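One structure is given here, and the rest of the page talks about it.
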Amino acid sequence: NWTMENFIENAIERIRATVGPTAEAIGAVSGGVDSSVAAKLMREAIGDRFHAIFVDNGLMRKDEAIQVKKALDDGLGINLVVVDAGDEFLTNLKGVTDPEKKRKVIGHTFIHVFERVANQIKPKDGSDVGFLLQGTLYPDVIESISFKGPSQTIKSHHNVGGLIDNMQLKLIEPLRELFKDEVRHLGELLGLPEELVWRHPFPGPGIGIRVLGEVTPKQVQIAREADYIFISEIRKAGLYRQISQAFACLLPVKSVGVMGDQRMYEQVIALRAIETVDFMTADWFVFDAAFLKRVASRIVNEVTGVSRVTYDITSKPPATVEWE
Ligand code: XMP
């Protein structure tokens, strides 16, 4: 009979049989639930012969890179390589304002960094790494067969995997029969921290597509601080699990305000929070007025460079979840 406990056992056995007794494997981890669960299965199956690579692109949420490291390395005992590549990403993003171009730059930089690090990982016997882990889920499999999810045709979602095909690695996809809620359940059984199991989805290009227009370190910092306040208040209000995804966007628009007796002329933050089942359609989340008031006031008071806060009340369709 099919249970999650059996699934874990079978998955581990299958991985062992595929990789064999000596070969090694690599895989990218993002801090999301899929790659973390997949990495934990690998760790259970082949121990330190699995090397997880976490590329910190400098575009993640506040403190997230540190949390990912703590959870996977210290917490789950996964053999983890952390690459601090923020400068490389931000340098490559200089002057880039078009959303699709940003995705391409971020995607290519990721592959560059990943390949560079992967090539430094050498099994003890001097052979090449033979396997690449992918956290592909069943819906991804279906989507790539039918190839017509609306978001696929509107925005070029890059998933790490298909792109690294010149590395001659054999793919391991232990989650390819599972849906998201099953992966979360699996994550709980495997002892992943609750926070990681239920984390809102976060796009690969991260804050890079939440800073509208040019992505500079200063702009990233503003968007990140505002986002942190919004998410912290959502958690405090006990709404995190009810909301499917929430974030702050930085609009490169200047707006006049007054702070004390000073006139200010700074940028605008747009908050977005949605409820959805499949992310193909989405409704904006209805907060209490008091909640929004509190968040707006905290952001303009605590984040330098912001003079105004707005809340996005557009459904998908026609608006997409992300602003870019
Ligand atoms: P949209 O904006 O297309 O978003 O309505 C639907 C879901 O996809 C995420 N998203 C991305 N994820 N790379 C990703 O890995 C991307 O380029 C990307 N663009 C959007 C978005 O966060 C939402 O969950």
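Details
- With respect to the conditions (1) open to solvent by less than 20 Å² (accessible area, probe 1.4 Å); (2) at pLDDT 95 or above; (3) not basic (Lys, Arg), Pro123 lacks only one, and its number is (2).
- Considering the stretch 126-142, and only residues there that are open to solvent by 50 Å² or more (accessible area, probe 1.4 Å) and in a helix (DSSP H, G or I), the residue that is farthest from Met280 (Cα to Cα) turns out to be Tyr138.
- Of the criteria (1) touching a Gly at 6+ places or on another chain (Cβ under 8 Å); (2) assigned to a loop (DSSP other than H, G, I, E, B), which one Pro318 fails: (1)
- Of everything in the stretch 255-291 that is more than 16 Å from the ligand (Cβ to nearest atom), among the hydrophobic types (A, V, I, L, M, F, W, C) and more than 19 Å from Ile222 (Cβ to Cβ), the residue that is surrounded by the most Cβ atoms within 10 Å (Cβ to Cβ) is Phe287.
- Considering residues of the stretch 200-233 that are hydrophobic (A, V, I, L, M, F, W, C) and more than 16 Å from the ligand (Cβ to nearest atom) only, the residue farthest from Val268 (Cα to Cα): Ile229
- Residue within the stretch 301-318 that is open to solvent by less than 30 Å² (accessible area, probe 1.4 Å) and β-branched (Val, Ile, Thr) present: yes
- Residue count, the stretch 288-309 (criterion: of a type outside the set (Ser, Thr, Tyr) and out of contact with any helix residue (DSSP H, G or I) (no Cβ under 8 Å at 6 or more places or on another chain)): 8
- Taking the stretch 1-37 as the range and being of a type in the set (Asp, Glu) and open to solvent by 80 Å² or more (accessible area, probe 1.4 Å) as the test, the residues that pass are Glu5, Glu9, Glu13.
- Residue count for the stretch 287-315 under the criterion of being in a loop (DSSP other than H, G, I, E, B) and under 30 Å from Val258 (Cβ atoms): the result is 8.
- In the stretch 180-199, the residue that is farthest from Leu76 (Cα to Cα) out of those that are open to solvent by 10 Å² or more (accessible area, probe 1.4 Å), touching a residue at least 12 places away in the same chain (Cβ under 8 Å) and within 16 Å of the ligand (Cβ to nearest atom) is Lys180.
- The sole residue among Tyr228, Tyr240 that is assigned to a loop (DSSP other than H, G, I, E, B), farther than 21 Å from Val29 by Cβ and modelled with pLDDT of 95 or more is Tyr240.
- Residue match in the stretch 63-74 (condition: surrounded by fewer than 21 Cβ atoms within 10 Å (Cβ to Cβ), polar (S, T, N, Q), under 15 Å from the mean Cα position of the chain (by Cα) and within 30 Å of Arg210 (Cα to Cα)): yes
The values are calculated or read from the model by the stated rules, or taken from the named source; none is laboratory data. Everything numeric in this text was worked out from a predicted model, so none of it was measured. Cβ sites come from the backbone with ideal geometry, for glycine too, and all protein chains shown count toward neighbours. Just so you know, the surface numbers come from the protein's heavy atoms only, side chains and all, with ligands and any DNA or RNA stripped out. Shrake-Rupley method; radii C 1.70, N 1.55, O 1.52, S 1.80 Å.
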